[in-house]
1. Shape call for segment 16-56 from the C-alpha gyration tensor, a ≥ b ≥ c root eigenvalues: rounded (a/c under 1.5), prolate (a/b greater than b/c) or oblate?
2. Are there any chymotrypsin sites (Phe, Trp or Tyr not before Pro) in segment 68-142 that are in a DSSP loop and have at most 12 other Cβ atoms within 10 Å? List them by number.
3. By how many degrees, between 0 and 90 and to the nearest 10, does the Cα long axis of helix 117-133 differ from the longest principal axis of the chain?
4. Expected output is a single nm value to one decimal: the length gained when fully extending between S138 and N97, i.e. 0.36 nm times separation in residues minus the C-alpha distance. What is it?
5. In straight Cα distance, which aspartates and glutamates are under 15 Å from K27, not counting same-chain residues fewer than 8 positions off?
6. Compute the whole-percent fraction of alpha carbon pairs in segment 48-150 spaced more than 16 Å apart.
7. Treat every Asp and Glu Cβ in the chain as -1 and every Lys and Arg Cβ as +1, leave all other atoms uncharged, and give the resulting dipole magnitude about the Cα centre to the nearest 20 debye.
8. Which sequence of K106, K66 reflects their accessible areas, 1.4 Å probe, from the largest down?
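The values are calculated or read from the model by the stated rules, or taken from the named source; none is laboratory data. This structure is a prediction, so every number in the text was calculated from the model and none was measured. Don't worry about glycine lacking a Cβ; one is built from the backbone with ideal geometry, like all the others, and counts go over all protein chains shown. These area figures cover heavy atoms from the full protein model, side chains too; ligands, DNA and RNA do not enter into them. Shrake-Rupley method; radii C 1.70, N 1.55, O 1.52, S 1.80 Å.
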Amino acid sequence: MARRMETIRTFAKYICVMDPMAQMPPKGMFGKCHGRTTPYIFTEQEICILMQASMELYEPDGLRSKTISTAIGLLWSTGMRPNEVCQLMDDDVDLNNGLIAIRETKFSKSRMIPIHETTTSKLRSYVNDRDRLRKDFSERYFLINYRQPQTGIT
């Protein structure tokens, strides 16, 4: 309703120029129309619960739970956007220098994110597990989550 009223107010402004007797609906009659919801900040305990739950995921390839847990850890420890984590390539993660390169994301900007030693250690562990379990080395994404092939069964 608030968005509709905003459109009506715009039209009413136009009408008021031609007809001074026209009425203008009051601003904010139905509240804000472009308000954002308050973001939810996860506690450390909630993050640990999420990461533990991800380790119990069904994984036909042995990699899914490690990938999801690593993605949650990266989101938590770096503040990266979810899309940035999903689009990370192997070349973007420099574990020797403790840096992650974020390329051409929101507003076509790039940036470097320093990562803590503990994060670097967990990422090294993930890379070792990933490279041991992966079947296709042509895939250059950092986080890999293989899907089970379609069997035709629904």
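1. prolate
2. Here the sparse-neighbourhood loop sites are F137.
3. 70 degrees
4. Numbers: separation 41, 0.36 × 41 = 14.76 nm, distance 2.45 nm.
Taking 0.36 nm per residue and subtracting the Cα distance, the gain is 12.3 nm.
5. Partners within reach: E6.
6. 58 percent
7. Values: 22 positive and 18 negative charges, 158 e Å.
Computed charge dipole of the chain: roughly 760 debye.
8. The most accessible residue leads, giving K106, K66.
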